[in-house]
1. Dipole size in debye (nearest 20) for the range 105-211 around its Cα centre, Lys and Arg Cβ +1, Asp and Glu Cβ -1?
2. Give the calculated FRET efficiency between Arg126 and Ala319 to the nearest 0.05, with a Förster radius of 30 Å applied to their Cβ-Cβ distance.
3. Which residues does the label zone of Val65 cover in the range 118-141, counting backbone N under 16 Å from a point 7 Å along Cα→Cβ?
4. Measure off 7 Å from each Cα along the Cα-to-Cβ vector at His259 and Thr366, then give the distance between these two points in nanometres to one decimal.
5. If you average the C-alpha positions of the range 352-390 and of the range 283-297 separately, how far apart do those two centres end up, in angstrom?
6. Grab the beta carbon distance between Val379 and His285, set R0 = 25 Å, and tell me the FRET efficiency rounded to 0.05.
7. When every alpha-carbon pair in the range 152-297 is counted, what percent end up more than 22 Å apart?
8. Where Rh denotes the Kirkwood radius from the mean inverse Cα pair distance, what is Rg over Rh for the chain?
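Every read-out reported here was derived from the displayed coordinates using simple, explicitly stated rules and does not represent laboratory data. Just so it is clear, the structure is predicted and the values come from calculations on it, not from any experiment. When we count neighbours, we look across all protein chains shown, and the Cβ atoms used for this are built from the backbone with ideal geometry, even at glycine.
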Amino acid sequence: MLVKRIRLKNIGPMKEADVEFGDLTVVVGPQATGKSIFLQLLKLAVDYPAIHTEFKRFNIDWRGVDSDFLQLYFGEGMASIWDATSSQLEIDGASRPLPGFARGVKNAKRDERVFFVPAQRVMSLRDGLTRTFNEYRFGDPFSLREFSEKLHNLVQNEFGSDPALFPKKNRLSQVLRDPIAQHIFGQFDLAIDTERAQKRIVLRAPGSKTALPYLVWSAGQREFVPLLLGFYWLCPSAKTATRGSLKWAIIEELEMGLHPQAISVVLTLVLELLSRGYKVCISTHSPHVLDVIWALRFMKNHGGDTKDVRDLFHLPAGAQANAIAASALKKDYRVYYFTREGAVKDISNLDPGADDAAESGWGGLTEFSGWAGDLVARVARRFEAQSAGK
């Protein structure tokens, strides 16, 4: 199931939204405006049979109570996002009341379509140790629990006999690995420490036996490693485009803890997902992300070529980079702004000259820099006037 459009009214802080998905859909806006709820709604709409199956696999039973299911899925206290008298949800033109997803599913199959990388992904590693679904408590969001379970299986089972995590053969092409090494890991490799009873993830200098544990990593490395493992899950090998039945990737706040050059690296990985055929949704608070989306849209609509895209991401010439760039020029990019007032606006054109401040200010992400520039200009004019009067 590939959802093309979600319309809703009065769900959580969202008063009204009408979102048509592109190949890459970006949602922006201040905190607590409903972005995470919206992305979780997309996952629920596509994957609710698989979600039921996953809960049952871990013997979690909400006893047919709709509010308990909503808290199990969205998180404790979140059942109140749905109001029976005013809330509406429409998926591809069909009404889908949110409590209905709590009902039993006949012949449910665990064919997951959406892989969700949550904003709380740093919690999936505890001192470098992966965590299982049942290590979390009731009320912790399903997206975090499921993501942690995937990483646990990846590290403990799929990579069980190979301690190397980065760089890793057959996982991401060289053109993607080199920028990761340069801008995120520096001179260190990522590995599984097998000298202890539990397999923990550590950093090591090449040729050194000294392990650098999780708590001495940089904040950006702690945020990036679960994200890297998520990309490994989505890209099982260079010869296998996608994993199983997965069709979507949702990534929340991919920029957390990262320098702008490292954010560009992660966006290159997103382009790799697009080239493999995934639809991708991301949330962000980074103007750098929208700078890139604006540039890609402009290149696509004004005759940009693969070299232009490669130069945008500082990728070397070559077949792998050209394939990623060529794919990027064919994709549909959508951007939606979640406002404090509860409206969700389509600002996909990202026109700096648009009359609507929501679009010209890119959902508020460039608002402060514009305001600061105006103030600096005012001070400069005043200084010049004062200097001329002396």
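1. 180
2. That pair, Arg126 with Ala319, gives E of 0.15.
3. Inside the label zone: 138-140.
4. In this crude label model, His259 to Thr366 measures out at 2.5 nm.
5. 21
6. Computed FRET efficiency for Val379 and His285 comes out at 0.35.
7. That fraction is 41 percent.
8. With Rg and the Kirkwood Rh in hand, the quotient comes to 1.00.
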